[in-house]
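Undergrad: Just dropping this structure here.
The values are calculated or read from the model by the stated rules, or taken from the named source; none is laboratory data. Quantities reported herein were computed from a predicted structural model and do not represent experimental measurements. Cβ coordinates were reconstructed from backbone atoms using ideal geometry, including for glycine residues, and neighbour counts include every protein chain displayed. Quick note on the areas: whole protein, heavy atoms, side chains included, nothing else; ligands and nucleic acids left out. Shrake-Rupley method; radii C 1.70, N 1.55, O 1.52, S 1.80 Å.
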Amino acid sequence: MTNFDYALWIPLLPFLSFLILGLSANKIKARAAGLTGVLSLVLATALSLLLAWSYFGAHGGGHEQAYAALQPLKWVWLRFTDTLPFEMGILLDPLSVMMLVVVTLVSLMVHIYSLGYMKGERGFARYYAFLSLFTFAMLGLVLANNIFQTYFFWELVGVSSFLLIGFYYDRPSAVAAAKKAFIVTRFADLGFLIGILILSYYAGTFDFAQLNAPDGPVLSKDWAPVFGGHSLMFWALLLIFMGAAGKSAMFPLHIWLPDAMEGPTPVSALIHAATMVVAGVYLVARLFPVYELVDYGAALQVVAWVGAISALLAAIMAMVQMDIKRVLAYSTMSQIGYMMLALGVSDGGADALGYTASLFHLFTHAFFKSLLFLGAGMIIHALHTNDLREMGNLRKHLPWTHWTFLIACLAISGIPPFSGFFSKDEILAAARENHFWIFAIGYFVAGLTAFYMFRLYFTIFWGRERQYSHKPHEGGWNMKLPLAFLALITLVAGFIPFGEFVSADGLPHHSALDWKLAGSSIGIALIGILAAMYLYSEYKQLPSQIARSLGPLYRLVERKFYIDDIYAFVAKRIMIDTIGAGVAWFDRHIVDGTMNLIGRTTLRLSSAIKGVQSGQVQHYALAFLGGALALAVFFFFRS
Amino acid sequence: MERLLFYLIAASLIGFGLLTVTSRRILRAAVYLFFVLAGMAALYFLMGYNFLAAVQLVVYAGGVVVLIVFAILLTHGIDHRLRLAPAGQMLAALALSLAGIGVSLFAIFSYDFPKVLREPEVEMSAIGQQLLSTGKNGYLLPFEVISILLLAVMVGAIVIAKGRKMKNS
Amino acid sequence: MIEGVSIQEIMAVSVILFFIGVYGFLTRRNLISILISLDLLLNAVALNMAAINRYLHPDNFQGHFFAVFIIAVAAAEVAVAIAIIVDLYRLIHSVDVEEVDKLKY
């Protein structure tokens, strides 16, 4: 057995970097700050790659034996009760090792990229401190061996996301976006917390290994239905999924994600594409046996439908957005919907194809989506605008960006041999076995994805040449290198036999492509791409004509299905104007009134008796003496 | 004999005390105070507390009265006549004082004090040893505290009396 | 212990002296006079202490020490008070209590 104790250093290195940068508080030179951040991540990445190599390599490959779940470190952190102590520990299993690689790699790329992107920004060291804090939190979340630790780091991730979205704190929109993201996810986390409490109270443990064990306290019992025909455990799982949906921007808790694009673009690449937003998927995958078996997978059905609806709505909204980052944000939401969908449909077969497919997609998506975001960052860096209408024919100016962006677009659209094709195809295969309508939605969304991604691509890199205030140019090597590296991964990641490593039961599986299905999904992707090419590769009036002819339907989508407006209505009209106004009236008239009355009475009383305070010591002495004598007389003659 | 002496001293104490608080010439009041303090010292002598009597004479009669006289001469002329308080206040104070005397005397005379027959001689060395002992009934700590207090008072008095002249110079 | 004199008689003298001091404290208008009355009060208390010590606990000297300490503290108090009075006189050219009413509302 290899010694995996060094796994502790993977989260600790970014944390150290955070401490150094945070305590030095912008006193440190920008160059040194960037170097500290990058260096800590280089070490952490090297360690996690080494760990993955030795973990998966320990098997030698080939034999049909489950990967062991190891806990190299574990200690009791808080002992509130003897039976239910809070532990801190490190859990290594295929899922967490895979996530470790994803998080450290993407984070490293973002750290390097930011050297160029954030150059000369005020608060450069602060930026790197927050980035390191986020990486630490995410790694802690991934490595958690119990659900309480997950929650702990979950919130830390939320805080650092808040800090990074609101990095430009002098911009009101960024501050509003940070608050929105924090409040929405916090609201969702309330459900998560209650879910944890219910689950752990009845299971008597926080530990993932025990929760997931077939003969453990959860799965060995038959839970009687308590409410709505479902057992308590089902509702606990649903509440936990609420937290997951909040973090992963699933419908209807997705409203914070597009606004979160106010943060610096590399932050979006790291947090809102590759790591934090997939935490929800990770969480469901982590508790997958519980989700699968409690109430015969009823909770998984919910997960599947929420995923499918989110994927569809987000894809539709992505088609009309005019802000490059918002398109990518909706695309992220749609792809995460895909992953949820895949998790949700994998209750059937013993090999649980959807589980593997979902995590495979998580893996590939992390790379090509951060590639897309970093490419978008390059464009924004060159043009200083997010607006698609001010872009066009950039392929000559930004060749690196053009090629890497194209690779990523092909990958997300599902064109072989790029990585997205393989993972998406597995998802569709899994969905087809399970549920026709979910499969149909998935299939349709695949076409939409290809369409909106290539709408983006053609609008930016082809189309009409615009008047640019200065000639657009690409960033330095520190921005090109991450693009090239991520593009490389996107090219080859699809050929990783993912099922060999990560699966629901820990056993290696071989998955073969179903070429009939693959062919049809390539077909719909190509239709989407060709439609986008026809509409956007040259400047035409046609797209706006279509938009106009659709009229109210287009407006509905453009206004994001009015979901934000509904929330605003509920929050403002009902909570603030109705309930709040009543409470405010009560506060102003009853509470304040009482206080004012007390104050005024005291004032009047004191002005009435202030003459007693003559300032003459002798008067005081007289009164004092009289009082003392009266007391003496009282005590003498009392009995 | 001693009893007679005591009554004499007590009468003079009360008489001079009354004069102290009623005299309208402030310098005379100070002199009457001196007699009261001296009478007090005589009472201590009678009780056998020679040391206490000596302290009383040295500190009070020798120090405090002189200090007061200085203060009077610094602030008033010798002939200064004091104003009287309003009649109402005088009456109230008189009534209260008489009532206080009444209540206290009643309390004193209605209480049955225990009789202690043994009466050891007061030795100076015993006083000194107990005053400076750290053991049971030792008074070393208060003694030291008092000395620090006196030091602080000295500094404080100088600083206050020196006043605002610092700025002018 | 004074031959033929009971503790009650000494305490009576002390009490009368005390209330004479109180009377002076309450009626005098001059700060120095008030200080003099205060000294009467302190002396009365010291006498009380000494008498109780002498008559009820002759083995000990606690009351005796208290009298000594009272004298010391009184001396300190007089020193500070006179410093303040002199300073006050320089400030407002009066040592009348009625003039000293800065504490008044």
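Undergrad: Right, B:Gln89: under 25 Å from B:Ser23 (Cβ atoms), touching a His at 6+ places or on another chain (Cβ under 9 Å) and either at the interface with chain C (Cβ under 7 Å from one of its Cβ atoms) or not hydroxyl-bearing (Ser, Thr, Tyr) (or both) or not?
TA: Yes.
A quick yes/no check of all residues on (1) part of a loop (DSSP other than H, G, I, E, B); (2) away from chain A (no Cβ under 14 Å); (3) more than 14 Å from the chain's Cα centre (by Cα):
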| residue | (1), (2), (3) |
| --- | --- |
| C:Leu35 | no, no, no |
| C:Asn43 | no, yes, no |
| C:Ala46 | no, yes, no |
| C:Pro58 | yes, yes, yes |
| C:Ala79 | no, yes, no |
| C:Val86 | no, yes, yes |
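Undergrad: Under the condition of being surrounded by fewer than 18 Cβ atoms within 10 Å (Cβ to Cβ) and among the small types (Gly, Ala, Ser), which residue from segment B:51-80 is farthest from the other protein chains (Cβ to nearest Cβ)?
TA: Applying the filter and picking the extreme gives B:Gly77.
Undergrad: Within segment A:162-195, which residues are among the small types (Gly, Ala, Ser) and not in a helix (DSSP H, G or I)? Before you say what the answer is, go through the steps one by one.
TA: The initial filter retains those residues of segment A:162-195 that are among the small types (Gly, Ala, Ser), namely A:166, A:173-174, A:176-178, A:181, A:188, A:191, A:195.
Answer for segment A:162-195, where residues must be among the small types (Gly, Ala, Ser) and not in a helix (DSSP H, G or I): just A:Gly166.
Undergrad: Let me ask something else about it. One residue is enough: does segment C:1-12 have a residue meeting the conditions outside any helix (DSSP H, G or I), touching an Asp or Glu at 6+ places or on another chain (Cβ under 6 Å) and within 14 Å of chain A (Cβ to nearest Cβ)? Quick ask: steps written out before the conclusion?
TA: So in segment C:1-12, the residues outside any helix (DSSP H, G or I) come out as C:1-6.
From what's left, touching an Asp or Glu at 6+ places or on another chain (Cβ under 6 Å): C:1-3.
Right, trim to within 14 Å of chain A (Cβ to nearest Cβ) and you get none.
Checked against the condition, which is being outside any helix (DSSP H, G or I), touching an Asp or Glu at 6+ places or on another chain (Cβ under 6 Å) and within 14 Å of chain A (Cβ to nearest Cβ), segment C:1-12 yields no hits at all.
Undergrad: So C:Glu98 passes all but one of these: (1) surrounded by 14 or more Cβ atoms within 10 Å (Cβ to Cβ); (2) over 27 Å from B:Val145 (Cα atoms); (3) within 14 Å of chain A (Cβ to nearest Cβ). Which condition number does it fail?
TA: (1)
Undergrad: What tally of residues in segment C:3-33 results from selecting those that are hydrophobic (A, V, I, L, M, F, W, C) and within 11 Å of the chain's Cα centre (by Cα)? Show your work before the answer.
TA: Narrowing segment C:3-33 to residues hydrophobic (A, V, I, L, M, F, W, C): C:5, C:7, C:10-13, C:15-20, C:22, C:25-26, C:31-32.
So of that shortlist, the ones also within 11 Å of the chain's Cα centre (by Cα) come out as C:17-20, C:22, C:25.
Number satisfying all stated conditions: 6.
Undergrad: Residues being in contact (Cβ under 8 Å) with a residue 24 or more places away in the chain and within 7 Å of chain C (Cβ to nearest Cβ): count how many of those fall in segment B:11-28.
TA: Residues in segment B:11-28 being in contact (Cβ under 8 Å) with a residue 24 or more places away in the chain and within 7 Å of chain C (Cβ to nearest Cβ): 2 in total.
Undergrad: Take A:Ala137 and tell me if it is more than 16 Å from the chain's Cα centre (by Cα), open to solvent by less than 10 Å² (accessible area, probe 1.4 Å) and either at pLDDT below 90 or among the aliphatic types (A, V, I, L, M) (or both).
TA: Values: more than 16 Å from the chain's Cα centre (by Cα): no; open to solvent by less than 10 Å² (accessible area, probe 1.4 Å): yes; either at pLDDT below 90 or among the aliphatic types (A, V, I, L, M) (or both): yes.
No; evaluated as a whole, the condition is false for this residue.
Undergrad: Kindly list, by first and then second residue, each pair from a residue in segment B:121-149 that is touching a residue at least 40 places away in the same chain (Cβ under 8 Å) to a residue that is part of a loop (DSSP other than H, G, I, E, B) and surrounded by 12 or more Cβ atoms within 10 Å (Cβ to Cβ), limited to pairs with Cβ atoms under 6 Å and residues at least 6 apart or on different chains.
TA: Close Cβ pairs satisfying both conditions: B:Val122/B:Gly48; B:Ile127/C:Phe61.
Undergrad: Here are some conditions: (1) outside any helix (DSSP H, G or I); (2) open to solvent by less than 20 Å² (accessible area, probe 1.4 Å). B:Arg83 meets all but one. Which one does it not meet?
TA: If we test B:Arg83 against (1) outside any helix (DSSP H, G or I); (2) open to solvent by less than 20 Å² (accessible area, probe 1.4 Å), just (2) comes out false.
Undergrad: Checking the conditions here, which among B:Leu98, B:Leu150, B:Leu117, B:Leu105 is in a helix (DSSP H, G or I) and more than 7 Å from chain C (Cβ to nearest Cβ)? Outline the logic, then answer.
TA: Numbers: B:Leu150 fails: more than 7 Å from chain C (Cβ to nearest Cβ); B:Leu117 fails: in a helix (DSSP H, G or I); B:Leu105 fails: more than 7 Å from chain C (Cβ to nearest Cβ).
It is B:Leu98.
Undergrad: Checking the conditions here, which among A:Phe208, A:Phe241 is modelled with pLDDT of 85 or more and surrounded by 21 or more Cβ atoms within 10 Å (Cβ to Cβ)?
TA: Working: A:Phe208 fails: modelled with pLDDT of 85 or more.
Every option except A:Phe241 fails the conditions.
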